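Please read the structure below before turning to the comments.
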Ligand code: 1CP
């Protein structure tokens, strides 16, 4: 009921940025493209700025440097999407949870597992610790506008489930057993954490939109760890709450949901959250995904990041197969997960040439 009918005029169908047209339900060809983690350590110019900034959190909270690395892949490749340079874990950090990014071992957080620890979190992050990140959005948007770029600025956050995984576990994990255990064993307590995240994430995404983000993406990297009933409760329900709360204030901004490894639960996620676009992970058959979502809902994905590392014939065959399957429907070319740091930058250039010629 909240989704526009196919072809129905929305503010974004009348403008010319290819990615916004695809998000509005148009089968733009050749498809717009960007790559998850397109700013990062595979780029020498990123490593240079990263070294200048000091640690990763310092980079995320330095608006000038964060804007600079956001724009690097746009300058180099002319991507259709520029994703704000930040991290999903900056939300718990901004709420007051101690976080550090240790070299080679990934993020480390002081685990949140008690009512007192949850109550100590401050969801009013936008005027506080997250203010520099909102400022980055303003700077990137101004830079894109100054050059009349056709690049769409994408704001993002982690979905409550995935962010809660890291908050409870305290670090990355294959199965997030502590978080899933808390969700089963202490659902009231876990629900309190999820509600805090819904509140903080909604305000954070709305602030990004107000600062100039033209599309929003919710990363749910660990959606695929849940049983169907838990998936409904901790992925679909909170995501739907965020989408509906954003639409109330900002009905026009398109939202991309990426429930990674959701498998057949993608259909219910698409229907019940009402996002305009579904991010599709590498394991998913695109023909199946096309049938599982509505015709006006765009798909985004799902080239294997390892095919991009390999390059050559393997890359070409995979990319062409994806393009052949997606032709004729609203679609945004992307990877099925973040770019690998060993990716040769010239393989990305080759992929851009291939996609641009359709
Ligand atoms: O030192 C460095 O340069 C740190 C590496 C790095 C980078 C470049 C991290 C640490 N985060 C990022 C940026 C980032 N992360 C972006 C920026 C923009 C872009 O896409 O170009 C985005 C959107 C994210 C999102 C993110 N962070 C996700 C969701 C997507 C996914 O990859 O599944 C997740 C799960 C994280 C957590 C995180 N941050 C960093 C790392 C190494 C991890 C993974 C931790 C783990 O589980 O092992």
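The values are calculated or read from the model by the stated rules, or taken from the named source; none is laboratory data. Everything quoted here is computed from the prediction, not taken from an experiment. Cβ placement follows ideal geometry from the backbone for every residue including glycine, while neighbour counts extend to all protein chains displayed.
Determine which single condition residue 338 fails, assuming it passes every other condition in (1) within 29 Å of residue 175 (Cα to Cα); (2) crowded, with 17+ Cβ neighbours inside 10 Å; (3) touching a residue at least 24 places away in the same chain (Cβ under 8 Å); (4) within 16 Å of the ligand (Cβ to nearest atom).
Looking at each condition in turn, residue 338 falls short on (2).
Every residue, every condition in (1) within 21 Å of the chain's Cα centre (by Cα); (2) closer than 22 Å to residue 337 by Cβ; (3) buried (at least 22 other Cβ atoms within 10 Å of the Cβ), yes or no:
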position: 175; (1), (2), (3): yes, yes, no
position: 181; (1), (2), (3): no, no, no
position: 184; (1), (2), (3): no, no, no
position: 191; (1), (2), (3): no, no, no
position: 195; (1), (2), (3): yes, no, no
position: 198; (1), (2), (3): yes, no, no
position: 215; (1), (2), (3): yes, yes, yes
position: 223; (1), (2), (3): yes, yes, yes
position: 234; (1), (2), (3): yes, yes, yes
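Quickly run through the stretch 341-358 and pick out the residues that are touching a helix residue (DSSP H, G or I) at 6+ places or on another chain (Cβ under 8 Å) and either farther than 17 Å from residue 80 by Cα or part of a helix (DSSP H, G or I) (or both).
Looking only at the stretch 341-358, we keep the residues that are touching a helix residue (DSSP H, G or I) at 6+ places or on another chain (Cβ under 8 Å), and these are 342-345, 347-352, 354-355, 358.
Scanning the stretch 341-358 gives 342, 343, 344, 345, 347, 348, 349, 350, 351, 352, 354, 355.
Checking the condition in a strand (DSSP E or B), in contact (Cβ under 8 Å) with a residue 12 or more places away in the chain and under 26 Å from residue 227 (Cβ atoms), which residue from 261, 278 passes? Spell out how you get there, then give the answer.
Numbers: 261 fails: in a strand (DSSP E or B).
Within the list 261, 278, the selection yields 278.
Between residues in the stretch 196-225 that are at positive phi and away from the ligand (no atom under 12 Å from the Cβ) and residues that are at pLDDT 95 or above and assigned to a helix (DSSP H, G or I), which pairs lie under 7 Å by C-beta distance while being six or more apart or on different chains?
Pairs found: 212/137; 212/138; 212/141.
Sort through 98, 107, 111, 63 and tell me the only one that's over 30 Å from residue 17 (Cβ atoms), touching a residue at least 40 places away in the same chain (Cβ under 8 Å) and away from the ligand (no atom under 11 Å from the Cβ). Steps first, answer last, please.
Numbers: 98 fails: touching a residue at least 40 places away in the same chain (Cβ under 8 Å); 107 fails: away from the ligand (no atom under 11 Å from the Cβ); 63 fails: over 30 Å from residue 17 (Cβ atoms).
Unique residue meeting the criteria: 111.
Check whether at least one residue in the stretch 140-148 is within 13 Å of the ligand (Cβ to nearest atom), crowded, with 21+ Cβ neighbours inside 10 Å and touching a residue at least 60 places away in the same chain (Cβ under 8 Å), and report yes or no. Reasoning before the result, please.
Initial filter on the stretch 140-148 (within 13 Å of the ligand (Cβ to nearest atom)): 140.
Then keep just the ones that are crowded, with 21+ Cβ neighbours inside 10 Å; that gives 140.
If we keep only those that are touching a residue at least 60 places away in the same chain (Cβ under 8 Å) too, we end up with 140.
The answer is yes; a qualifying residue exists.
Restricting the search to the stretch 221-255, which residues are in a loop (DSSP other than H, G, I, E, B), in contact with a strand residue (DSSP E or B) (Cβ under 9 Å, 6 or more places away or on another chain) and under 23 Å from residue 302 (Cβ atoms)?
Listed by number, the residues that qualify are 221, 254.
Is it true that residue 282 is crowded, with 16+ Cβ neighbours inside 10 Å and farther than 17 Å from residue 28 by Cβ? Working first, answer last.
Working: crowded, with 16+ Cβ neighbours inside 10 Å: yes; farther than 17 Å from residue 28 by Cβ: yes.
It is true that residue 282 is crowded, with 16+ Cβ neighbours inside 10 Å and farther than 17 Å from residue 28 by Cβ.
Applying the selection to the stretch 116-161, what residues are modelled with pLDDT under 95 and either at positive phi or in contact with a strand residue (DSSP E or B) (Cβ under 6 Å, 6 or more places away or on another chain) (or both)?
The one that is modelled with pLDDT under 95 and either at positive phi or in contact with a strand residue (DSSP E or B) (Cβ under 6 Å, 6 or more places away or on another chain) (or both): 148.
Restricting the first residue to the stretch 16-44 and requiring it to be outside any loop (DSSP other than H, G, I, E, B), which pairs with a second residue that is modelled with pLDDT under 95 and surrounded by 21 or more Cβ atoms within 10 Å (Cβ to Cβ) meet a Cβ separation below 8 Å and a spacing of at least six or different chains?
20/12; 21/12; 23/12
Considering each of 338, 328, 291 in turn, give the residue that is in a loop (DSSP other than H, G, I, E, B) and more than 19 Å from the chain's Cα centre (by Cα). First the steps, then the outcome.
Numbers: 338 fails: more than 19 Å from the chain's Cα centre (by Cα); 291 fails: in a loop (DSSP other than H, G, I, E, B).
Residue meeting the stated conditions: 328.
Look through 39, 58, 51 and report the one residue that is under 19 Å from residue 87 (Cβ atoms) and either away from the ligand (no atom under 12 Å from the Cβ) or crowded, with 19+ Cβ neighbours inside 10 Å (or both).
Values: 58 fails: either away from the ligand (no atom under 12 Å from the Cβ) or crowded, with 19+ Cβ neighbours inside 10 Å (or both); 51 fails: either away from the ligand (no atom under 12 Å from the Cβ) or crowded, with 19+ Cβ neighbours inside 10 Å (or both).
Answer to the check: 39.
Of all residues in the stretch 261-276, which are surrounded by fewer than 23 Cβ atoms within 10 Å (Cβ to Cβ) and within 16 Å of the ligand (Cβ to nearest atom)?
Matches in the stretch 261-276: 261 only.
Which of the following residues is crowded, with 18+ Cβ neighbours inside 10 Å, within 16 Å of the ligand (Cβ to nearest atom) and farther than 16 Å from residue 202 by Cα: 257, 301? Full working, then the answer.
Working: 257 fails: farther than 16 Å from residue 202 by Cα.
So the residue among 257, 301 that is crowded, with 18+ Cβ neighbours inside 10 Å, within 16 Å of the ligand (Cβ to nearest atom) and farther than 16 Å from residue 202 by Cα is 301.
When residues of the stretch 78-94 are filtered for being surrounded by fewer than 24 Cβ atoms within 10 Å (Cβ to Cβ) and farther than 24 Å from residue 254 by Cα, how many remain?
Total satisfying the criteria: 1.
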